[in-house]
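Notes follow once the structure below has been shown.
The values are calculated or read from the model by the stated rules, or taken from the named source; none is laboratory data. Quick caveat: nothing in here was measured; it's all calculated off a predicted structure. Here the Cβ positions follow ideal geometry from the backbone for every residue, glycine too, while neighbour counts run over all protein chains shown.
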Amino acid sequence: MPERESLTGKGLGDGTPAPGGLLDLLWVAAVVLGSDGRIVLWSPEAERLLGFSAAEVLGRNAGGLLVAPENRPRARELFKRVCTGESWAGVFPVRHKDGSTRRVEFRTMQLRDARGDVHALGLGADAVTVRNVERDLALSHTLVHQSPVGIAVFDTELRWVRVNPSLERINGVPEEAVLGRRVGEVLPALDVEAIESRMRRVLRTGQPLLDQQTVGRTAADSEDHTYSESYHRIEDANGRVLGLAIAVLDVSERQRATAEVAKARERLAVIADASVRIGTTLDLRQTARELAGVAVPELADLAAVDVLDSVAGLGGTAAPQAGDSLGFRALAVAAGYPTDAIAAADPVGEPASYSPSRVITQSVREARPILLQRVSGATMRRIARDDSAAETLRRAGVHSYLAAPLMARGEVLGTLSLYRTVNARAFDDQDLTLATELAARAAICIDNARLYGQERSTALTLQRSLLPQEPPNCDGIEVACRYLPAVSEVGGDWFDVLPLKHGRVGLVVGDVMGKGVHAAAIMGQLRTATRALARLDLPPAELLYHLDDITASLGDSDSMATCLYVVCDPRSGRCELSRAGHLPPVLVDPAGKAELLDIPSGAPLGVGGVPFSAEERELSEGTLLALFTDGLVERRGESIEAGLQGLLRLLGGTRLPLEETCDILLGGLNRGPNDDVALLLARRRS
């Protein structure tokens, strides 16, 4: 091949860019195939992406090495098209050295060398990384382009490189007329010296300058205006200075009303606080408490969050009919100071029927915020549940009220109710806007919590319905079992006890990779398949072989699971074990010595084409066998070995009943709350 030109020659600038740019983030791999489909070039980025070194791939057929059998016809078709001069771009699944499949975003094209031989060049990057970068760029463009704040970006020489539409309107100059120029060349009527002095300071120190005042005029107006400017240095991930950004606001009107400026800042602080504090969990009631906590005392003296009773029950919402009372449930009440007004709010957690005359009912029915700037005796009754509550609110000093609907995805979930008592200023339209913004942000979190609760409840119901309710009585084998769902999301762990021919007993523990309803459904199919195969009296290794084929055909191509299958003969004490990527069982002999059984691991179910092996053990009378999933011994931040050692310590020397032993293991191990647990104990008895 012709010698390639050095990339460090002249004409490439005064220096080499520091790492951390877009190309460093994407790690674009380059692969060149000959006309026979063999790999002739393999970049270091390709090794990083797919795990194979150049020595391992050069000269080998790319399709046989990197493409799964079911995708090879498509790969050959695309290769032919590229070799004939047609380019192709798209996502294609490629095998990694570790056996997994990586989705790679490709750009392919034909190459010819000095002899005229045809080659195919493929430039590829991890598809997930590409999508993330695209989303980040799209989000940045959207935020800058649609922001009501004027935003300008300058390079390190203080030249304009970007102006958003809002700043175009402030300057009265289109973007193309300012690019590459300095501030004084475009806006000479401003205090250019002060502006550029701030810019140089921020570039030098990296410390932002906020709310800097500039007085002058732009081409958009013949009169002087007051502008508030905030300067920020722009750096890449490695700290290399790229330039700076300036956010510009015309604060002429607010200069004449300093108090209004302070109010605006307070509102921004409330929204920023809400972004951090609301939605920290997927718990419906916790989210409601967070919303009420953000609203006081900055926006209101008293806040209450009520949702429709159907929402609190994790059900759907229905359009309220005119003239009907509505079923609500109060989820949170918060006050900025000790007050009896809390007692007038609807009891938290209790269902209540709100009459059509109440403001909260009207807000939900009409799906709009309602502001009562001044609460009179007549309107007090419309915001209280009864006359006694209305009197309590009156004595507490409630004088202004605001109800904002909690709307998400086109549905009204409930309301945020705000009261002012010690704050003498009545709610105004700006408060209404802020309350509506808070309610909208919180409503999405509340709806997410509701939808998550529905899915988790569905998955848990499915999971429990598919697991055995009570293990069967088996002669010669005493068994006990437990299943604990994860706190956050149900997984695909399962266990089973299978009576077999000639008095033998099959013990199964498995774990489907993934979470939610999908994992529970796959688990149910695998458990059913295991039961059907066990009835054929297959040896453990052969049963796992057939189960591996079945797993590969379930759901999508990424469905995988681990499994441990044990066949015990209580009469002879003979035990045959085989596992597919699962943790080994623990054996506790009659003397109380606990050990992990060293049996071949095997590949997880769904990998395909990997044989399984089995080993035999003798179980004397009184021997305990413990089968479990990794959720029992695995915890974030700790090695799984630490959990296994803890399990051995708890089982060592135990002669307690199995049910009590199950409780000790579940209570004594620091299991992670984000993974479910299946536990099966079996003891040979006379």
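The strands (runs of 3 or more DSSP E) falling completely within the stretch 490-588 that include 2 or more residues that are in contact (Cβ under 8 Å) with a residue 60 or more places away in the chain map to 492-499, 505-512, 561-569, 586-588.
Looking across GLU77, GLU105, one residue alone is assigned to a strand (DSSP E or B), free of Cβ contacts under 8 Å to residues at least 40 places away in the same chain and not aromatic (Phe, Trp, Tyr). It is GLU105. Of all the residues in the stretch 173-229, those that are charged (D, E, K, R) and part of a helix (DSSP H, G or I) number 9. Just to be sure before I move on: is SER601 in a loop (DSSP other than H, G, I, E, B) and more than 41 Å from the chain's Cα centre (by Cα) in the structure I sent? Here the answer is no, as SER601 does not meet what is asked.
Could you check the stretch 395-453 and list, in sequence order, the residues that are buried (at least 24 other Cβ atoms within 10 Å of the Cβ) and of a type in the set (S, T, N, Q)? Passing the criteria: THR415, SER417.
Here GLU56 fulfils each of the conditions (1) within 25 Å of PRO604 (Cβ to Cβ); (2) not in a helix (DSSP H, G or I) apart from (2).
Here ALA591 clears all of (1) touching a Leu at 6+ places or on another chain (Cβ under 8 Å); (2) without any contact (Cβ under 8 Å) to a residue 24 or more places away in the chain except the condition numbered (1). Restricting the first member to the stretch 609-630 and to residues that are assigned by TED's automatic domain parsing to the domain that holds GLY643, and the second to residues that are of a type in the set (Gly, Ala, Ser) and in a strand (DSSP E or B), the beta-carbon pairs closer than 6 Å and six or more apart or on different chains are PHE612/SER578; ALA614/SER578; LEU625/ALA682; THR629/ALA678.
Can you find even one residue in the stretch 607-619 that is under 16 Å from LEU658 (Cα atoms) and part of a strand (DSSP E or B)? Taking every residue of the stretch 607-619 in turn, none turns out to be under 16 Å from LEU658 (Cα atoms) and part of a strand (DSSP E or B). If you filter the stretch 311-350 down to residues that are charged (D, E, K, R) and surrounded by 15 or more Cβ atoms within 10 Å (Cβ to Cβ), you find that the one that is modelled with the lowest pLDDT is ASP346.
Only a single criterion out of (1) more than 20 Å from PRO611 (Cα to Cα); (2) buried (at least 20 other Cβ atoms within 10 Å of the Cβ) is not satisfied by THR551, namely (1).
Looking at the stretch 371-393 only, could you name the residues that are in a helix (DSSP H, G or I) and of a type in the set (S, T, N, Q)? Once the filter is applied, which keeps residues that are in a helix (DSSP H, G or I) and of a type in the set (S, T, N, Q), the stretch 371-393 yields THR379, SER388, THR392. Among all positions in the stretch 635-656, there is no residue which is at pLDDT below 90, charged (D, E, K, R), under 33 Å from the mean Cα position of the chain (by Cα) and within 30 Å of GLU542 (Cβ to Cβ). Pick from the stretch 113-157 the residues that are of a type in the set (Val, Ile, Thr) and assigned to a loop (DSSP other than H, G, I, E, B): which of them is farthest from the chain's Cα centre (by Cα)? Only one residue tops the list, namely THR156. Based on what the data block shows, is ASP675 in contact with a strand residue (DSSP E or B) (Cβ under 7 Å, 6 or more places away or on another chain), within 25 Å of GLY514 (Cβ to Cβ) and surrounded by 14 or more Cβ atoms within 10 Å (Cβ to Cβ)? Taking the combined requirement at face value, the residue does not satisfy it.
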